[in-house]
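Q: Structure below; questions to follow.
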Amino acid sequence: MRSSVLVWLKSMTAWAIVAAIGGRAAVLRADEYVLHSFRTEMLSDVYYSEGAGAGDIDGDGQTDVVCGPYWYRGPEFTEAYEIYKPVAQNRDRYADNFFSWVRDFDRDGHQDVLVVGFPGTPAFVYRNPGTDAVTTSGRKPDSPWTKHQVLDWVSNESPQFTNLVGDDAQELVCTRDGFFGFATINSDDPLGPWEFHAISEQIAPPRFGHGLGVGDVNGDGRHDLIYSGGWFEQPAENATQSRWKLHATSFSNSYGGADMFAYDVDGDGDNDVLTAHGAHDFGLGWYEQVTKDGEIAFVHHLIMGDRPEKNRYGVVFSEPHSLALADIDGDGLKDLVTGKTYWSHHRQSPMWDADPVVYWFRLVRNDDGVDWIPYLAGTTSGIGRQLTVADVNADGLPDFVVGGMKGAHVLVHSRKRVDQKQWQAGQPKRFQSSGARNDRGTKPTFDERGRIPGAIEGEAMKVVSTSAGQVSVQQMNSFSADRWSGNAQLFWRQAAPRARMELEFEIEETGQYEVAAVLTTARDYAQVNLQLDGVALGSTLDLYDYPEVRTTGLVSFGTQSLNKGIHRLRLETVGMNPSAIPTHMVGLDCLVLTSK
């Protein structure tokens, strides 16, 4: 299967005045406009692994791909060879293989494969039996890959295999038994047990945990360990034998994301931190390094949130469980690659059934500061817990290698010169609101009975009719993020698009009234229009919010003349926020009439 999604980009040449440096305007000629495209190659549609790696397995000078029990011979990837016995994984559960790294561990000249499985399980090296094991017809049956357990317990959902402590070898950075740390390879017996070095107190989640990375945060030339709750400073000496100093800070506005990086985003000479916010939910951001009271501190900048208006270009997708940082366009600045980890928590994740997209966010520095311009690279593969960037066909362009619930895929990168008009037409457009109000009203006051003065409770109104869904009274005491008048709401469930609900209420005196309403917001709530006696109350209200269930506050609709007697309030669902679970819920706390 092949799918192609085009993205557009200006190429910067050596003689051009590059806008990304120093905020100066770029001088560009027509032949400098370049079209970048990614063609999605499906290697397998079977769920074997959450991750995929790349390296030259058969020693022919071509890059191969490893995903789960197979390696795929490059550059065509049409031939698959077994590393271990294939067993398709249950998509309603999780795989026993999460990460694969290709390295020559035993220094015999052949690339082996390090596999890390489900958090809290061992790590194994599968030893490459050598080039004699591969023929034009496949692997010889008498040349199996032998399996060697190198670590008994690897935790955290974003372990890193990289050079942490500055020696000649790489280390497996992870958590174990609640400790942050890393495992070193035994140089005398690389396929034997590796030693884990704890650098923290026992503060990490025992098995899972989100957000882990490596980078030089303080600019001392040594890599530090970064996690969602701060960073551990590598000491100048005894890095394998001592606790590292913890600098506590928050690198998430949620529970934590995925891979984390230290990189000078804004070009001011110090390293900032990039990460996702909620691996199974929403959010990408970068944390600008600043100095506060003589100490390193960080200021958060949002790249993408949980709704279109939280990204300059209206991009939103959930489950960014893996990130890569690499220079995709060749302009000298590193870009961010991520996507939707399809089905990562099955139906529990928001937007769980949305398209399994892959994006790269181009880093741009200009007079306005920093921008991350999103380009869609694919819509069919998504990503898993590990995303690998590698040049798989030796054309000098970085490609994307992914595993996951959708199988194994390579997104092959190509480029083509285009004219200015083509390039301009393909640039992502700035987001413009659909007109639905997502702002929130003022915080109401409550009387001694726990009610808002002047409130006509939604649950007390008469339901005259509904065109779809079910209506009931819902008690709201269990939702602690906010307060509801009378501790209850009128709950309209499973309404369809353009569904209507008619309510009746009575007022006792004719007069001028300021009209306001309080509705409920949540991750599965709709966009609605309100009418009072056939007259529209303001514009469309967007009732989507995440992660908490709370109210809109008092949303004011101005002053109206109302007669004594029966009145009708109509609620109509008109759509859903793109980030919302599409169940079209509506909750009416109360209508508030204040006599003028």
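Q: Would you confirm, using the coordinates I've provided, whether residue 232 is open to solvent by less than 10 Å² (accessible area, probe 1.4 Å), over 18 Å from residue 274 (Cα atoms) and not β-branched (Val, Ile, Thr)?
A: no
Q: Tell me which residues, restricted to segment 303-324, are touching a residue at least 40 places away in the same chain (Cβ under 8 Å) and open to solvent by 40 Å² or more (accessible area, probe 1.4 Å).
A: Filtering segment 303-324 down to residues touching a residue at least 40 places away in the same chain (Cβ under 8 Å) leaves 303-304, 306-309, 311-324.
Result: 309, 312.
Q: Could you grab me the full set of residues in segment 571-596 that are part of a loop (DSSP other than H, G, I, E, B) and either open to solvent by less than 10 Å² (accessible area, probe 1.4 Å) or not β-branched (Val, Ile, Thr) (or both)?
A: The initial filter retains those residues of segment 571-596 that are part of a loop (DSSP other than H, G, I, E, B), namely 576-584, 596.
Matches in segment 571-596: 576, 577, 578, 579, 580, 582, 584, 596.
Q: Tell me the residue from 347, 385, 362 that is among the basic types (Lys, Arg), within 16 Å of residue 281 (Cα to Cα) and touching a Phe, Trp or Tyr at 6+ places or on another chain (Cβ under 8 Å), please.
A: On the way: 347 fails: touching a Phe, Trp or Tyr at 6+ places or on another chain (Cβ under 8 Å); 362 fails: within 16 Å of residue 281 (Cα to Cα).
Answer to the selection: 385.
Q: So residue 165 clears everything in (1) β-branched (Val, Ile, Thr); (2) open to solvent by 10 Å² or more (accessible area, probe 1.4 Å); (3) assigned to a strand (DSSP E or B) except one condition, right? Which one?
A: Unmet condition: (3).
Q: Return the total of residues in segment 325-355 being basic (Lys, Arg), open to solvent by less than 10 Å² (accessible area, probe 1.4 Å) and farther than 26 Å from residue 579 by Cα. Outline the logic, then answer.
A: In the first step, residues of segment 325-355 are kept if they are basic (Lys, Arg); the result is 334, 340, 347.
Next, from what is left, pick out any that are open to solvent by less than 10 Å² (accessible area, probe 1.4 Å): 340.
Among the residues that remain, those that are also farther than 26 Å from residue 579 by Cα are: none.
Looking only at that region, the number is 0.
Q: Within segment 455-506, can you find the residues that are more than 26 Å from residue 443 (Cα to Cα) and more than 38 Å from the chain's Cα centre (by Cα)?
A: Within segment 455-506, 462, 463, 464, 465, 502 qualify.
Q: Tell me which of these residue 276 doesn't satisfy, since it passes every other one: (1) in contact with a Leu (Cβ under 8 Å, 6 or more places away or on another chain); (2) surrounded by 23 or more Cβ atoms within 10 Å (Cβ to Cβ); (3) within 15 Å of residue 403 (Cα to Cα).
A: With (1) in contact with a Leu (Cβ under 8 Å, 6 or more places away or on another chain); (2) surrounded by 23 or more Cβ atoms within 10 Å (Cβ to Cβ); (3) within 15 Å of residue 403 (Cα to Cα) applied to residue 276, the lone miss is (3).
Q: Same structure, new question: Can you name every residue in segment 249-275 that is assigned to a loop (DSSP other than H, G, I, E, B) and of a type in the set (A, V, I, L, M, F, W, C)?
A: 251, 258, 265
Q: Cβ-Cβ below 6 Å, separation at least six or inter-chain, first residue in segment 518-533 and in contact (Cβ under 8 Å) with a residue 24 or more places away in the chain and part of a strand (DSSP E or B), second open to solvent by 10 Å² or more (accessible area, probe 1.4 Å) and polar (S, T, N, Q): which pairs?
A: Sorted first by the residue in segment 518-533, then by its partner, the pairs are 518/551; 520/551; 527/540; 529/540.
Q: Also, quick follow-up: Of all residues in segment 168-217, which are closer than 25 Å to residue 320 by Cβ, open to solvent by 60 Å² or more (accessible area, probe 1.4 Å), at pLDDT 95 or above and charged (D, E, K, R)?
A: Correct list: empty.
Q: Could you figure out which of (1) of a type outside the set (Phe, Trp, Tyr); (2) open to solvent by 10 Å² or more (accessible area, probe 1.4 Å); (3) touching a strand residue (DSSP E or B) at 6+ places or on another chain (Cβ under 8 Å) isn't true of residue 358?
A: Condition (2) is where residue 358 drops out.
Q: (1) surrounded by 20 or more Cβ atoms within 10 Å (Cβ to Cβ); (2) modelled with pLDDT of 95 or more: which one isn't true of residue 134, the others all being true?
A: The failed condition is (2).
Q: Is at least one residue of segment 378-392 more than 19 Å from the chain's Cα centre (by Cα), closer than 16 Å to residue 77 by Cβ and open to solvent by 10 Å² or more (accessible area, probe 1.4 Å)?
A: Within segment 378-392, the subset more than 19 Å from the chain's Cα centre (by Cα) is 390-392.
Keeping just the survivors that are closer than 16 Å to residue 77 by Cβ gives 390-392.
Add one more test, that the residue is open to solvent by 10 Å² or more (accessible area, probe 1.4 Å), and what stays is 390-391.
Looking for residues that are more than 19 Å from the chain's Cα centre (by Cα), closer than 16 Å to residue 77 by Cβ and open to solvent by 10 Å² or more (accessible area, probe 1.4 Å), one finds at least one in segment 378-392, hence yes.
Q: Can you tell me which residue in segment 13-62 is least open to solvent (accessible area, probe 1.4 Å), limited to those that are modelled with pLDDT under 95 and of a type in the set (Val, Ile, Thr)?
A: My answer is 34.
Residue-wise test of (1) out of contact with any helix residue (DSSP H, G or I) (no Cβ under 8 Å at 6 or more places or on another chain); (2) at pLDDT 95 or above.
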residue	(1), (2)
380	yes, yes
383	yes, yes
386	yes, yes
390	yes, yes
407	yes, yes
413	yes, yes
416	yes, no
428	yes, no
431	no, no
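Q: Among the residues in segment 507-523, are any within 31 Å of the chain's Cα centre (by Cα), over 12 Å from residue 588 (Cβ atoms) and open to solvent by 20 Å² or more (accessible area, probe 1.4 Å)?
A: Looking through segment 507-523, at least one residue is within 31 Å of the chain's Cα centre (by Cα), over 12 Å from residue 588 (Cβ atoms) and open to solvent by 20 Å² or more (accessible area, probe 1.4 Å).
Q: Oh, and also: If you scan segment 394-412, which residues turn out to be under 24 Å from residue 34 (Cα atoms) and either touching a Gly at 6+ places or on another chain (Cβ under 7 Å) or buried (at least 24 other Cβ atoms within 10 Å of the Cβ) (or both)?
A: So in segment 394-412, the residues under 24 Å from residue 34 (Cα atoms) come out as 394-401, 410-412.
Result: 399, 400, 401, 410, 411.
Q: Of the residues that sit in segment 572-596 and are among the hydrophobic types (A, V, I, L, M, F, W, C) and touching a helix residue (DSSP H, G or I) at 6+ places or on another chain (Cβ under 6 Å), which one is farthest from residue 282 (Cα to Cα)?
A: Filtering segment 572-596 for residues among the hydrophobic types (A, V, I, L, M, F, W, C) gives 574, 576, 580-581, 585-586, 588, 590-593.
The next check asks that each one be touching a helix residue (DSSP H, G or I) at 6+ places or on another chain (Cβ under 6 Å); those that pass are 588, 590.
Working: 588: 27, 590: 30 Å.
Only one residue tops the list, namely 590.
Q: Does residue 251 fit the bill of being at pLDDT 95 or above and buried (at least 24 other Cβ atoms within 10 Å of the Cβ)?
A: So residue 251 passes the test.
Q: So which of 368, 327, 335 is in contact with a Leu (Cβ under 8 Å, 6 or more places away or on another chain) and either more than 26 Å from residue 415 (Cα to Cα) or free of Cβ contacts under 8 Å to residues at least 60 places away in the same chain (or both)?
A: Values: 368 fails: in contact with a Leu (Cβ under 8 Å, 6 or more places away or on another chain); 327 fails: either more than 26 Å from residue 415 (Cα to Cα) or free of Cβ contacts under 8 Å to residues at least 60 places away in the same chain (or both).
Every option except 335 fails the conditions.
Q: Just checking, does segment 98-117 include any residue being surrounded by fewer than 18 Cβ atoms within 10 Å (Cβ to Cβ), at pLDDT 85 or above and β-branched (Val, Ile, Thr)?
A: No: zero hits.
Q: Would you mind stating whether residue 221 is open to solvent by 60 Å² or more (accessible area, probe 1.4 Å), out of contact with any Leu (no Cβ under 7 Å at 6 or more places or on another chain), modelled with pLDDT of 95 or more and not basic (Lys, Arg)?
A: Details: open to solvent by 60 Å² or more (accessible area, probe 1.4 Å): yes; out of contact with any Leu (no Cβ under 7 Å at 6 or more places or on another chain): yes; modelled with pLDDT of 95 or more: yes; not basic (Lys, Arg): yes.
The answer is yes for residue 221.
Q: Another question about this same structure. For segment 86-129: of the residues being basic (Lys, Arg) and not in a strand (DSSP E or B), which is farthest from residue 204 (Cα to Cα)?
A: Initially, segment 86-129 is screened for residues basic (Lys, Arg), giving 91, 93, 103, 107, 127.
Checking which are not in a strand (DSSP E or B) leaves us with 91, 93, 107.
Numbers: 91: 28, 93: 24, 107: 34 Å.
This residue is 107.
The values are calculated or read from the model by the stated rules, or taken from the named source; none is laboratory data. What you see is a predicted model, and the numbers here were worked out from it, not measured in a lab. Glycine also receives a Cβ, built like all others from the backbone with ideal geometry; neighbour counts cover every protein chain displayed. Only protein heavy atoms, including side chains, enter the accessible area calculation; ligands, DNA and RNA are left aside. Shrake-Rupley method; radii C 1.70, N 1.55, O 1.52, S 1.80 Å.
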